[in-house]
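Below: the structure, in structure tokens.
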Amino acid sequence: MFRGTFQGAFLSILYSIGRKPLQIWDEKVQNGQIGRITDNDIRSMVVEVEGVNVSTTYINCPADPKKTLGVKLPIMVLIIKNLKKDFSFEIQVLDDNNVRRRFRASTYRSRCWVDPFICTMPLRLDDGWNQLHLDLSELTRRAYGTNYVEMLRIQIHANCRIRRVYFTDRLYSEDELPREFKLFWPMPPQKAKRLSSCKVPPSHPPELA
């Protein structure tokens with residue numbers, strides 16, 4: 001989708017107050033709901049993904065399963081609200097071995113697990129709104145000993161509220177962010193999560209079959 005376009009320093013793929021925030025996303029709902037609601041904490045419209053089973057209610061980007069995002073920017077940021085229920089998201093990236101790798105983060109897992117094509121990671125959220133930073137280059141290197149090339153796909157499962165999902169060329173401090181990429185107040189340092197802190201042995205990447 002974005003492979004042939006200029007990506008700049010910031011590239012947003014979901015903004016909850018946009019006219020059509022899920023325009024490039026597909027929705028899958030079973031015993032749940034996906035839609036826009038007003039969040040009382042930030043007094044603004046957000047996208048809510050809620051369901052009985054995290055595996056059967058989610059949004060997926062790109063909507064067309066034959067397409068990929070083609071995002072080269074190495075940092076992905078999710079601004080999400082903890083609903084104090086099970087929550088999971090999954091990304092798929094391409095590395096310099098031309099292998100598609102998946103990374104799945106879940107609040108209901110307690111440890112990392114790496115196999116040749118998927119790395120699962122525990123996710124701990126603070127109460128309320130959280131800002132998650134994923135250094136895709138570091139994750140790929142630490143889990144598989146290869147280099148990140150581009151982001152292919154992302155799935156965000158129940159249960160959460162989403163303000164924005166975007167990519168950047170580097171990690172930015174809160175003061176450096178453009179106003180439209182901030183939530184609603186300067187976010188304390190403890191609210192910024194980096195999933196790359198997951199303990200994956202960097203010197204022992206898994207053997208590929």
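For this structure, a couple of remarks:
- Projecting label points 7 angstrom from Cα along Cα→Cβ for GLU180 and GLN30 puts them 3.8 nm apart.
- When the Cα positions of GLN23, ILE154, THR168 are compared along the charge dipole of the chain, GLN23 comes out farthest toward the positive end, with charges on each C-beta of Lys, Arg, Asp and Glu.
- Placing +1 on the Cβ of every Lys and Arg and -1 on the Cβ of every Asp and Glu, with nothing else charged, gives the chain a dipole about its Cα centre of roughly 180 debye.
- Think of the chain as having a plus end and a minus end, set by charges on the Cβ of Lys, Arg, Asp and Glu; of PRO122, ALA143, ASN60, ASN60 sits farthest toward the positive end of this dipole.
- Efficiency of FRET between LEU171 and ASP127 - r from beta-carbon atoms, R0 35 angstrom, step 0.05: 0.90
- Of the chymotrypsin sites (Phe, Trp or Tyr not before Pro) found in the stretch 1-57, the ones in coil according to DSSP and having at most 15 other Cβ atoms within 10 Å of their Cβ are PHE6.
- Site-free segments of the chain were taken between GluC sites (Glu not before Pro) in DSSP loops having at most 11 other Cβ atoms within 10 Å, sites themselves excluded; the longest one is 1-175.
- Positive-end extreme of charge dipole, the chain - chosen from GLN33, VAL49, PRO178 (charges on Cβ): GLN33
- A simple count of charges around TYR15, restricted to other residues whose Cβ falls under 11 Å of its Cβ and scoring Lys, Arg +1 and Asp, Glu -1, yields +3.
- Debye intensity ratio I(q)/I(0), log10, the stretch 99-187, q values 0.22, 0.25 Å⁻¹ (C-alpha model): -1.33, -1.46
- The accessible surface of the chain, taken with every protein chain in place and a 1.4 Å probe, is 48 percent carbon and sulfur.
- Loop chymotrypsin sites (Phe, Trp or Tyr not before Pro), the stretch 50-153 (other Cβ atoms within 10 Å of the site Cβ: 14 or fewer; DSSP): TYR108, PHE117
- ASP64 paired with THR38, simple spin-label distance in nm, labels 7 Å along Cα-to-beta-carbon: 3.7 nm
- Total charge dipole magnitude, the stretch 25-113, about the Cα centre, Cβ charges on Lys, Arg, Asp, Glu only, Debye to nearest 20: 260 debye
- Extension reserve of the LYS85-ARG102 stretch, reckoned as 0.36 nm per residue once the Cα distance is removed: 3.8 nm
- Surface analysis of the chain yields an accessible area of 50 Å² per residue, using protein heavy atoms and a 1.4 Å probe.
- Relative contact order of the chain: 28 percent, from C-alpha pairs under 8 Å at least 6 residues apart in sequence.
The values are calculated or read from the model by the stated rules, or taken from the named source; none is laboratory data. As the structure is a computational prediction, the values presented were derived from the model and not from experiment. Backbone-built Cβ (ideal geometry, glycine too); neighbour counts: all protein chains shown. Surface accessibility is based on the protein's heavy atoms, side chains included, excluding ligands, DNA and RNA. Shrake-Rupley method; radii C 1.70, N 1.55, O 1.52, S 1.80 Å.
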